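Q: Here you go, one structure.
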Amino acid sequence: MVERFVESVVFYSRWLLAPFFVGLALGLLLLLVSFVNEYIHFLWSPGVFHSKETTLFILELIDLTLIASLVAMVTIAGYENFVSKIDFKDKIERPDWMGKVDFASLKLKVISALVAISSIELLKVFLNSGYYDEQEILWRVIIHSVFVVSGLLFALTEKFMPHK
């Protein structure tokens with residue numbers, strides 16, 4: 001009887017994760033506000049017709065979009081993997097990956113997104129290299145390299161792990 005109670009508590013404790021996923025979903029709203037703010041700021045800036053500033057602006061939008069996509073994927077896949085399957089009664093369009101992303105593939109998608117985001121940040125630094133000293137650029141390259149190597153190690157680990 002005690003064992004059954006403990007197992008029930010452990011099993012249903014997964015619902016304690018739900019507020020975290022709701023918080024992540026609300027974080028998307030903050031990213032949207034930031035995205036719109038970037039647009040407004042850029043359109044009112046004098047650099048709107050300069051290619052370098054436009055490139056940096058677009059890289060910032062790509063960065064925000066990648067982060068938002070990562071948050072959405074982690075929110076949905078995490079909820080489905082750890083809390084409950086999302087069961088739609090209506091025939092609505094679902095992304096192909098929904099219900100198919102397990103923890104291992106979610107890990108790979110997260111590290112891949114981090115590498116992409118880090119690449120964009122590094123490209124922005126190179127385009128604005130005059131604003132950074134060599135030491136800071138070096139550290140950013142080292143950190144990006146760590147992300148790349150980590151991603152490769154995760155991918156190799158996943159490739160050689162036995163799958164059911």
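Q: Using the charge dipole of the chain (Lys, Arg: +1 at Cβ; Asp, Glu: -1 at Cβ; taken about the Cα centre), state which of I143, I117, L16 has its Cα farthest towards the positive end.
A: So the residue we want is L16.
Q: Let me ask you something else. Considering all alpha-carbon pairs of the range 102-164, what whole percent are spaced by more than 13 angstrom?
A: Details: 1270 of 1953 pairs.
Everything past 13 Å amounts to 65 percent.
Q: Any idea what the alpha-carbon Rg over 2.2 N^0.38 Å comes to for the chain?
A: 1.34
Q: Mean residue ellipticity at 222 nm from the helices of the chain, using -39,500 (n - 2.57) per DSSP H segment of n ≥ 4 over the full residue count, to the nearest 500 deg cm²/dmol?
A: The per-residue figure over the chain is -26000 deg cm²/dmol.
Q: Could I ask something else about it? To the nearest 0.05, what FRET efficiency results for L123 and F103 with a Förster distance of 35 Å applied to their C-beta separation?
A: The value I calculate is 0.70.
Q: Over the chain, calculate the relative contact order: mean separation of alpha carbon pairs under 8 Å at least 6 apart, over the residue count, as a percent. Intermediate values should be presented prior to the final figure.
A: Details: 86 pairs, mean separation 38.4, N = 164.
Relative CO of the chain lands at 23 percent.
Q: So what's the range 1-90 giving for Rg/Rh, alpha carbon basis, Kirkwood Rh from the mean inverse pair distance? Don't skip to the answer; put the middle values down first.
A: Details: Rg = 20.4 Å, Rh = 16.1 Å.
Expressed as Rg/Rh, it is 1.27.
Q: Moving on. If I model a spin label at V148 and I58 as a point 7 Å from the Cα along the Cα→Cβ vector, what separation in nanometres do I get?
A: If labels sit at V148 and I58, their model points lie 2.3 nm apart.
Q: Using 0.36 nm times the number of residues separating L43 and L29, minus their current alpha carbon distance, what extension gain do you get?
A: Details: separation 14, 0.36 × 14 = 5.04 nm, distance 2.13 nm.
Taking L43 through L29 to full extension adds about 2.9 nm, to one decimal.
Q: Another question about this same structure. Hand me the tally of lysine pairs in the chain: alpha carbons under 22 angstrom apart, and the pair either on different chains or 8 or more positions apart.
A: Going through the chain pair by pair, I get 14.
Q: I86 to Y12: extension gain in nm, 0.36 nm per residue of separation minus the Cα-Cα distance?
A: 25.0 nm
Q: Still on this model: About the Cα centre of the range 45-164, how large is the charge dipole given +1 on each Lys and Arg Cβ and -1 on each Asp and Glu Cβ? Please answer in debye to the nearest 20.
A: Computed about the Cα centre, the dipole is about 520 debye.
Q: Nearest 0.05, what FRET efficiency do Y131 and H50 give at R0 = 22 Å with Cβ-Cβ as r?
A: Step by step, r from the Cβ atoms, then E = 0.90.
Taken together, the values in this text are just the output of simple stated rules run on the coordinates, not laboratory data. Only a predicted model underlies this, so the values are computations on that prediction, with no experimental measurement involved. Positions of Cβ are generated from backbone atoms using ideal geometry, with glycine treated the same way; all protein chains shown enter the neighbour counts.
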